[in-house]
Structure formats: C-alpha cells, structure tokens
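Report on one structure; see the data block that follows.
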Amino acid sequence: MIILPDTNVILRYLLDDNPDQYKFAEEFFEKVRTGNEKAFVLESVIVECVYILTKFYKIPKAECSEKLSMLLRYKGIVNRDSADIVKALKIFAENNLDIVDCVLQAKSKNKNYGLFSFDKKLKNMK
C-alpha cells in the first residue's frame with residue numbers, strides 16, 4: 001500500500017517539535033527512507049510545508065529546500081514528479097519567487113512545456 005503523508009506528519013518529522021508525534025513520523029519516514037514503506041507526497045503538501053516552514057517557523061529558504069528535497073529522495077518515495085519538485089525547491093532556495101511559481105518554472109523546464117504568466121520575474125527566468 002502507498003501512504004499519503006499529510007503536511008503535519010512531514011512537519012513533525014522535520015521539526016521534531018512534538019515528541020509523541022515525532023516518534024511515529026520518524027518510524028514511518030525511516031521505513032520510507034530505506035524503501036520498506038512506499039509514500040506519495042502530494043505537490044500541494046510540499047507547497048504547504050514550504051509556506052509553514054518559511055513563514056511560521058522562519059526557517060531559511062535554503063534549509064527548507066534542503067530538508068524537503070532530502071525527504072523526496074528517500075528510496076520509498078514513489079512520486080513520478082519528484083525530480084520536478086526537487087528542482088522547484090532548488091529554484092525557490094536560489095530566487096525571490098513564490099514556491100508555486102518555482103513549481104511552474106521547474107515543470108516547464110523539465111517537461112519542455114510553455115509557460116504562460118503575467119509575472120515578469122517568472123517569465124524572464126532562464
């Protein structure tokens with residue numbers, strides 16, 4: 001069975017700010033890390049994690065990007081678009097763009113899609 005972790009499970013795992021919940025999240029993600037458990041992390045969950053980590057917890061963009069990218073590289077992550085999301089997190093860490101714009105940018109580049117936007121910063125990115 002493939003498990004869909006929600007935002008709070010990922011946050012508890014990354015932040016270790018609630019010992020009881022961290023224990024369960026850590027056990028789960030250790031199984032995902034080794035490939036003994038399969039997980040699909042929705043793009044919307046990653047976006048929500050980014051907002052909460054950077055806006056509420058004030059975690060620097062680069063650190064946030066690294067933590068989430070590391071998680072998406074776990075052996076048991078079955079996302080077909082994990083490379084797109086990791087690329088979006090890299091763009092997010094290196095630019096002054098919203099995470100959703102970074103996802104658009106990454107997907108347009110990785111899939112060779114056109115990008116239609118009125119956002120000048122996004123349109124002008126190479």
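The values are calculated or read from the model by the stated rules, or taken from the named source; none is laboratory data. Source: prediction; values computed, not measured. Here the Cβ positions follow ideal geometry from the backbone for every residue, glycine too, while neighbour counts run over all protein chains shown.
Structure above, values below:
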item	result
Flag for Tyr51 being part of a loop (DSSP other than H, G, I, E, B) and at pLDDT 95 or above	no
Enumeration of residues in region 98-126 that are part of a loop (DSSP other than H, G, I, E, B) and crowded, with 16+ Cβ neighbours inside 10 Å	Asp98, Met125
Pairs, first more than 18 Å from Arg80 (Cβ to Cβ) in region 97-108, second hydroxyl-bearing (Ser, Thr, Tyr) and part of a helix (DSSP H, G or I), C-beta under 9 Å, six or more apart	Ile99/Tyr51; Ile99/Thr54
Some residue of region 17-29 being within 14 Å of the chain's Cα centre (by Cα) and surrounded by fewer than 16 Cβ atoms within 10 Å (Cβ to Cβ)	no
Filtered residue count, region 73-97, keeping only those that are outside any helix (DSSP H, G or I) and either of a type outside the set (Phe, Trp, Tyr) or under 10 Å from the mean Cα position of the chain (by Cα) (or both)	11
Pairs where the first residue, in region 112-126, is within 21 Å of Glu94 (Cα to Cα) and free of Cβ contacts under 8 Å to residues at least 12 places away in the same chain and the second is in a loop (DSSP other than H, G, I, E, B) and not β-branched (Val, Ile, Thr), C-beta under 6 Å, 6+ apart	Lys123/Ser117
Qualifying residue in region 16-25 (condition: of a type in the set (A, V, I, L, M), assigned to a helix (DSSP H, G or I) and within 12 Å of Val78 (Cβ to Cβ))	no
Some residue of region 79-97 being surrounded by 15 or more Cβ atoms within 10 Å (Cβ to Cβ), among the small types (Gly, Ala, Ser) and under 24 Å from Asp119 (Cβ atoms)	yes
Scan of region 1-58 for residues that are in contact with a strand residue (DSSP E or B) (Cβ under 8 Å, 6 or more places away or on another chain), β-branched (Val, Ile, Thr) and farther than 12 Å from Leu71 by Cα, ordered by number	Ile2, Ile3
Qualifying residue in region 58-70 (condition: in contact with a helix residue (DSSP H, G or I) (Cβ under 7 Å, 6 or more places away or on another chain) and among the hydroxyl-bearing types (Ser, Thr, Tyr))	yes
Top-ranked residue in region 33-73 [being in contact with a Gly (Cβ under 8 Å, 6 or more places away or on another chain), surrounded by 14 or more Cβ atoms within 10 Å (Cβ to Cβ) and touching a residue at least 40 places away in the same chain (Cβ under 8 Å); ranked as nearest to Ile91 (Cα to Cα)]	Arg33
